[in-house]
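Taken together, the values in this text are just the output of simple stated rules run on the coordinates, not laboratory data. If you're wondering where the values come from, they're calculated on a predicted model, not measured in any experiment. Glycine gets a Cβ as well: all are built from the backbone with ideal geometry, and neighbour counts include every protein chain shown.
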Amino acid sequence: MMRLRLRYLILLLSVAILTTYFIVFLPPSKPTNKALRLKVTHEDKSLTLKTKDNPLQIEWQYFDERSYIIKTVVNPGENPYSRNKFNQDASDNVPSNRDIPDTRHDECASKTWKKDLPSTSVIITFHNEARSALLRTIVSVLNRSPEHLIREIILVDDFSDDPTDASELANIQKVVVLRNNKREGLVRSRVRGADAAKGKILTFLDSHCECNVNWLEPLLERIVEDPTRVVCPVIDVINMDDFKYFGASADLRGGFEWNLVFKWEFLSFRERRQRASDPTRAIKTPMIAGGLFSIDKEYFEKTGKYDEMMDIWGGENLEISFRIWQCGGSLEIIPCSRVGHVFRKQHPYSFPGGSGNVFARNTKRAAEVWMDEYKNYYYAAVPVAKNVPIGNIQDRLLLRQKLNCKPFKWFLENVYPELKVPNQVDSPHGSISQGVMCVDTLGHLIGENVGLYTCHGGGGNQEWSYTKDHQIQHDHMCLTLPKPKPGLSVTLRTCKGYNNQKWLLISNNRTIKHLIYNLCLDSKSYKTKGLIVNNCDNVHSQRWSFSGLLET
């Protein structure tokens, strides 16, 4: 009997000990979002002891997500797309810690990552971002990353209209807020965040992202193996209308055309076949999209950070891509790292000076510093860039010299041989005029006609090149004869080198004659139909002057 009582007492004691353990050490039973835990301070401890029902229970204080978001919800009757160019209503109704599909290949889930990886400083810059999208970015970083690998999240508020968009978030664990005193743009804001970072590795994210499971470890591991690697996740798609999350193909890489506009392109058949045997292998990419990547902080500083003379947004990914490759580093996309991103159709914020001019200025700076004589292809594709002032680039040229960087020819031959060099590098550029009027695109696009406008001598829509294969080209569009029929309007079409795009510039009678047909460019009906073709008969409306263009 005594032995039975002793066992019973031991059992009761065990239950009491276990109960005390669960009460003291486990968090409250209510569902919580651990990423929203507030910082512990000496003055106002976020970690408190509950005293009413259970004096031993530990209770965290949490950031009030709903209160933060509700202050900027869409007003009744307001267009939910007007502020952010995505559906803010949909974003505001998606929880910050929602579940998203694991879009990695199955082999990624079975991989193990190094345990002794360095921590990273995550840098997020923004201007007037939707609060729900910004908060969801932060929460996804904290909830889907090993806690010891996140040194801090640095928010750089690029002079948003409401400073509390960021300042209220400063109470969340690991979040540091910096605010610019004026609008600085993406580049200078990111540099400010990088300068303040304490982590060994910098991770740049846009402010409308969601990090997926185990997104961070694959990026850090590649940099630990080689600090000259700049690595990016596969960028999944968050739908701008309903905020559903979709996996993107891992068979893509970044590229560009001679107008220096970024594009996604499929890997070659050989590369896809290699990936089929190992879908976790890193993908070399000529260019990064620029919004999401990780880089060793010391290497970032050594290689020149960013070109801080670039304004607002655009072209910075081009510049850093050229610089990393030409100066001894490499760019990779890591298939086992996935981060979702809201892709919008237009920018929600203004560009001082206009978005076109800002982008042209930034890309021209990159071209002048890194592309050597190949910059002429850029000017052939974007003639208006010739007249865009870019400021002083001497410090960037000295950086290139100091780092002993390779020529752009090496980049084309070893990194991006798929980018075909046009045959018009030596093609002359200029205007085509008739008295005081010049051939002008009038801002028209593919499939539309061209006309005449008063000559202004500023290039732009009036600048044309005459290529070695007889095309009259503006940007990536060429004068095209739809059908060999008199009276038809000439249109702009993508340059393909087809026969209906070939013309002769004849100097003795100053006509522009089709290479095959006896049809000449004619201005007779330019006010109603734009430029047309008619049978060549040397009338005044068919005579042109070619300023700077090759005459044959």
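Here is how the numbers come out for the structure above:
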quantity	calculated
Qualifying lysines (Cα of each under 18 Å from Cα of residue 85; at least 8 residues distant if same chain)	244, 345
Total formal charge among the other residues, if their Cβ is under 14 angstrom from that of residue 451, Lys/Arg +1 and Asp/Glu -1	0
Prolate/oblate/rounded label for region 79-167 (Cα gyration tensor, a/c 1.5)	oblate
In order through region 299-310: 3J(HN,Hα) via Karplus (6.51 cos²θ - 1.76 cosθ + 1.60), integer Hz, x for Gly, Pro	5, 4, 6, 4, 8, x, 6, 10, 7, 6, 8, 7
Global geometry of region 449-489, whether rounded, prolate or oblate, following the gyration tensor of its Cα atoms and the 1.5 cut on a/c	oblate
For region 221-370, share of DSSP beta bridges that run antiparallel, in % to the nearest 5	50 percent
Gain in span if fully extended, residue 228 to residue 421, counting 0.36 nm per residue against the direct Cα distance	66.7 nm
Environment charge of residue 246, counting only residues whose C-beta is closer than 15 Å and scoring Lys/Arg +1, Asp/Glu -1	-2
Segment residue 515-residue 446, extension gain: residue separation times 0.36 nm, minus the distance between their alpha carbons	22.7 nm
Neighbourhood charge, 12 Å Cβ-Cβ cut-off, centred on residue 523 and excluding it, Lys, Arg +1 and Asp, Glu -1	+2
Mean separation of Cα contacts under 8 Å (6+ apart) over length of the chain, as relative contact order %	10 percent
Label-point separation, residue 485 to residue 413 (7 Å along Cα→Cβ), nm	5.1 nm
Rounded to whole Hz, the Karplus (6.51, -1.76, 1.60) HN-Hα couplings of region 65-70, x for glycine and proline	4, 5, 5, 5, 7, 5
Positive-end residue, region 213-345 charge dipole about Cα centroid, Cβ charges, pick of 303, 291, 260	260
For residue 452, distant residues with modelled amide H under 5 Å away	440
Sequence-distant aspartates and glutamates (8 or more away, or on other chains) whose Cα lies within less than 17 Å of residue 115	147, 217, 221, 225, 226
Acute angle (nearest 10 degrees) that the helix 316-326 long axis makes with the longest principal axis of the chain, alpha-carbon atoms	90 degrees
Value at 222 nm in deg cm²/dmol, rounded to 500, when DSSP H runs of n ≥ 4 in the chain each add -39,500 (n - 2.57)	-7500 deg cm²/dmol
Distance between modelled label sites at residue 33 and residue 79, nm, 7 Å Cα→Cβ extension	2.9 nm
Farthest toward positive dipole pole in region 268-419 [+1 Lys/Arg, -1 Asp/Glu at C-beta], among 401, 371, 269	269
Size of charge dipole - the chain - debye, nearest 20, with Cβ of Lys, Arg +1 and Asp, Glu -1, no other charges	720 debye
Gain on full stretching of the segment that runs from residue 545 to residue 392 - 0.36 nm per residue minus C-alpha separation	51.5 nm
Peptides ranked, highest mean first, by Cβ atoms within 10 Å: ranges 312-324, 216-228	312-324, 216-228
Semi-axis lengths, Å, region 465-552, gyration tensor of Cα atoms, sqrt of 5 times eigenvalues	18, 16, 12
Rg [Å, one decimal], Dmax [Å, integer] - the chain, C-alpha atoms	29.9, 127
Gyration tensor verdict on region 363-409 (Cα atoms; rounded if a/c is under 1.5, prolate if a/b is larger than b/c, oblate otherwise)	oblate
For region 205-268, Kirkwood radius (reciprocal of mean inverse C-alpha pair distance, Å)	14.1 Å
Quotient of Cα Rg and 2.2 N^0.38 Å for region 150-192, N being how many residues it contains	1.13
Pairwise FRET efficiency - residue 183 versus residue 40, Cβ, R0 = 41 Å, nearest 0.05	0.75
Estimated FRET transfer efficiency (residue 403, residue 537; beta-carbon r; R0 60 Å; 0.05)	0.45
Relative packing of 267-278, 230-241, 499-510, which averages over residues the other C-beta atoms within 10 Å, highest first	230-241, 499-510, 267-278
Beta bridges by DSSP in the chain, antiparallel share as percent, to the nearest 5	65 percent
Residue 107/residue 159 FRET efficiency (R0 60 Å; Cβ-Cβ; nearest 0.05)	0.85
Label-point separation in nm, residue 499 to residue 64, each point 7 Å along Cα→Cβ	7.6 nm
Cα-based Rg / Dmax (Å) for region 257-391	16.4, 50
Set of lysines near residue 409 by C-alpha distance (under 25 Å), chain-local residues within fewer than 8 positions excluded	263, 284, 302, 305, 364, 375, 386, 420, 468, 496
Nearest-ten-degree value, helix 186-196 long axis tilted from longest Cα axis of the chain	30 degrees
For region 46-205, convex hull of alpha carbons as volume per residue, Å³	180 Å³
Semi-axis lengths (Å, descending) of the ellipsoid that matches the C-alpha gyration tensor of region 402-536	31, 17, 14
Charge dipole (debye, nearest 20) of region 190-334; +1 at Cβ of Lys and Arg, -1 at Cβ of Asp and Glu	420 debye
Fraction of beta bridges assigned by DSSP in region 49-179 that are antiparallel (%, nearest 5)	10 percent
Magnitude of the charge dipole, region 471-552, Cβ model with Lys/Arg +1 and Asp/Glu -1, debye to 20	240 debye
